[in-house]
Amino acid sequence: MIEVRNGNFFHLKNNKISYVFHVMENNHLGHLYYGKTLGELSDSDIQYLTERNNKSAGTVKFSTDDDLFTLTDRFQEYPVYGSSDFKEGAIEVSHNNDPWYLDFKFIDYRIEKKKERNLAVPSTYALEGESETLIIQLEDEEHKLNLEMQFTLFEDFGAVVRSQKLINIGPESVMIEKMLSGVLELPTANYDFLHLSGAWLKERHPKKRKLAQGTVSVGSLKGASGHQHNPFVALVEENAKINKGEVYAANIIYSGNFLAQAEVDEWDKTRLMIGINPSQFSWQLQPSKSFVTPEAILMYSDEGLNGISSQFAGFTEKHIINREWKKTPRPIVFNNWEATYFDFDQDKLLELAKLGKELGMECFVVDDGWFGKRNNDRSSLGDWYYDKNKFTKGIGTFADSIHQMGLQLGIWFEPEMVSPESQLYKDHPEWVVRHSYSRVSIGRGQYVLDFSNPKVVDEIYGQMKEVILETNLEYIKWDMNRNITEAYSTYLQANGVPQTEFFHRYILGVYALYEKILSDFPDILIEGCAGGGGRYDLGILFYSPQIWPSDDSDAIERLTIQTGTLLGYPLSTFSNHVSASPNHQVERVTSLQTRQNVSIFGPLGYELDLTKLSDEEKEEIKTCISFYKKHRNLLVHGEFFQLLDPFVDTNEVSWGVANEDKSEFIIGFYRKMAVANPPALDYIKVPFLTDDKIYSVNKSEEVSGKVLSHFGLRKPYQFNGANHHQAQVKGDFQSYIYHLVESDKNGGK
Ligand code: DGJ
């Protein structure tokens, strides 16, 4: 996979991609190529690839040694600003407030074949033979700094994973002002910058804008990756289609403040960079200490948006999420939040659990309100012991009853938070993230705990552990409902650590709590949640195989959230619940059919008052659950794809899942608003079918792959005022499910 020529030319290649770089004339690392695999390269190929014309007009040269060589027209692996390159660099270090112009020169390299999963740091992992890691050692002699750049290539994926380690080999401490994780330089600007952005209740809407000279960026300074922007970004070749065209995507395995940006220079070259947001960050590096960046994932596909989404999904499931979760079926959850909010006791919960069990649900999740004296969102966070008024027989007895019904049990926690009205706050007011100012910002009536302090993490884990043991817990919903303001830690101050390290140390504390829980209880399924989708990122997914993606459970809003999210994340991570109609966030009225037709894609759950269901609705739910159980693996881990371009078709959404050998598909079709006098027949082309195979469509028609993929799958026949008996969908918020099976697998109709 990794080929080194002449000790200075590096070719990372697999069946999908090649990533090529070399040691340049000035001994820095120069990037040469990332894209479709180049296979074997001859000596003359290498000569050709490394041959560069130097621009001279208007440029400053790197040194007096060479009157043509300038960094500004070279692609670099880890650029530094200010030494003949004027674009933003990836690393900045200062010493006693003096900026340093770093000069990292190649020293040596080594290749490692092991990449173990280590709970302490979220990062990629691989089994023996699945990956190779090239570690390049560089040295800045003058500044007494060593840099180790790590590039990992995995078999079968278009990914290159990068991270950097800076080691202080000098006698004095230095300040890292900026240290990004991933850089990719591309020869043109013919791309759209695609990002997933929005707000609370409308997270990760897909958006794109054309690159032009200048910089475009998304990021977060909230202490979390955030509801507003997501660290997944992509450069999509202009005119790319959903199944065709080059796409370069990037993400980081990180849950804190991030920055992802693309800068286009005066020659229309593009520099894409991603990493910890340098704003509100700097890190004091003491002598002999090192700092390691989170990993960045660069991904390439020439198969359009579906190609990049399928690459990222497969990669994340295999090399980031604990792959055991691919073998363990995700339980169908009942969550009591939108059914009861804070108004419940053990009897009410047991009644819901019994009904849920009868309908086929498998895991009962007790949401917010089970602990302390929490009857609204103004108290008790930090006091993780059960409310004796709600659980008069004890939470252990309640858990036993749930387990006796044959259900798993889940419990909600918000570990990083504390209410001013709580015992924890009374005992430890100094554990709150706040400045010494008299004014303190507050969100949802709560403060953030100082997770940069290991004692705080220990205390919270101690409390959680008791509950986990007492209830034999199978599932945790980990919420986080407010962002960090006036970031300041008295613990860091007492230990002489600069406050500019707070945000990064905070998120390391969050990971430390995950590590503690999963080391003691490796089988527990932790569902990530941050006021819904405020931390939908690869750092959280390293520990949590699924995430509650939004506090908006409305099926129609979810169409956009799901379309956006799944461009960069696996379907198996997108926890999908059927909620009440009218919906509690937007008051939209939708049919149970449509709500279920949306929610079956991904880990399924229900979150509505089951005691209010009619008999017909109960039957409808039972039918859906039995279909889901039969096809669960396909609906959770199948290859997800869009059939309509989300940037072109906004009223209609169609997505599907395919099994590994592409012999079975489930396809959802959704029309938001009814169309007056619609075309009688309209078709959507289905990708991935084999031309000469026959597919049964909903067990009622037999159609060849060539017809379905070139002519198309007939859209459901919409009510048009006259077709009373034939119409398949009516009114607004329509949906329709297709099940396609290769005929010989199905035995015909
Ligand atoms: C926000 C979550 O996203 C909801 O699902 C619910 O758990 C509430 N918090 C509880 O406070």
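Sorting 595-605, 261-271, 470-480 by average packing, meaning the other beta carbons within 10 Å per residue, from highest down gives 595-605, 470-480, 261-271. In summary, the aspartates and glutamates within cross-link reach of LYS693, defined as a Cα separation below 17 angstrom excluding same-chain residues under 8 places away, comprise GLU660, ASP661, GLU664, GLU701, GLU702, GLU742, ASP744.
Report the gain in length on full extension from ASP615 to VAL121: 0.36 nm times residue separation, minus Cα-Cα distance, nm rounded to one decimal.
Working: separation 494, 0.36 × 494 = 177.84 nm, distance 4.93 nm.
Difference between extended and current length: 172.9 nm.
Accessible surface computed residue by residue for the chain, with neighbouring protein chains in place and a 1.4 Å probe, gives 38 Å² per residue. Each peptide in 554-563, 17-26 gets a packing score, the mean of other Cβ atoms within 10 Å over its residues, and the list from highest to lowest is 554-563, 17-26.
Per-atom-type breakdown for the chain gives carbon and sulfur 48% of the accessible area (1.4 Å probe, protein chains only). According to the Cα-based calculation, Rg over Rh for the range 642-746 is 0.98, with Rh computed by the Kirkwood formula. About its Cα centre, the range 246-291 has a charge dipole of approximately 380 debye under the convention of +1 per Lys or Arg Cβ and -1 per Asp or Glu Cβ, with nothing else charged. For LYS730, list the lysines whose Cα falls under 16 Å from its own Cα; do not include residues on the same chain fewer than 8 positions away. List returned: LYS672, LYS715. If a spin label sat at a point 7 angstrom from the Cα of ASN54 along the line to its beta carbon, the backbone N atoms of the range 105-142 nearer than 19 Å would be those of 105-106.
Just to be sure I follow: if Rg is taken over the C-alpha atoms of the range 2-319 and Rh is the Kirkwood radius over the same atoms, what is Rg/Rh? Over the Cα atoms of the range 2-319, Rg/Rh equals 0.94. P(r) tail for the range 601-685: Cα pairs beyond 21 Å make up 49% of the total. Ranked by the mean number of other Cβ atoms within 10 Å of their residues, highest first, the peptides 642-652, 372-382 fall in the order 372-382, 642-652. With contributions of -39500 (n - 2.57) from each DSSP H run of at least four residues, the per-residue ellipticity at 222 nm computed over the chain stands at -6000 deg cm²/dmol. Relative to its residue count, the chain spans a Cα convex hull of 171 Å³ per residue. Modelled label positions at GLU470 and ARG378, each set 7 Å beyond Cα in the direction of Cβ, lie 2.6 nm from each other. The lysines whose alpha-carbon is closer than 20 Å to the alpha-carbon of LYS222, local same-chain residues fewer than 8 away aside, are LYS178, LYS202.
The values are calculated or read from the model by the stated rules, or taken from the named source; none is laboratory data. Please read all numbers here as calculations on a predicted model, not as lab measurements. Cβ atoms come from the backbone with ideal geometry, glycine included; neighbour counts cover every protein chain shown. Please note that ligands, DNA and RNA were not included when accessible areas were found on the heavy atoms of the full protein model with its side chains. Shrake-Rupley method; radii C 1.70, N 1.55, O 1.52, S 1.80 Å.
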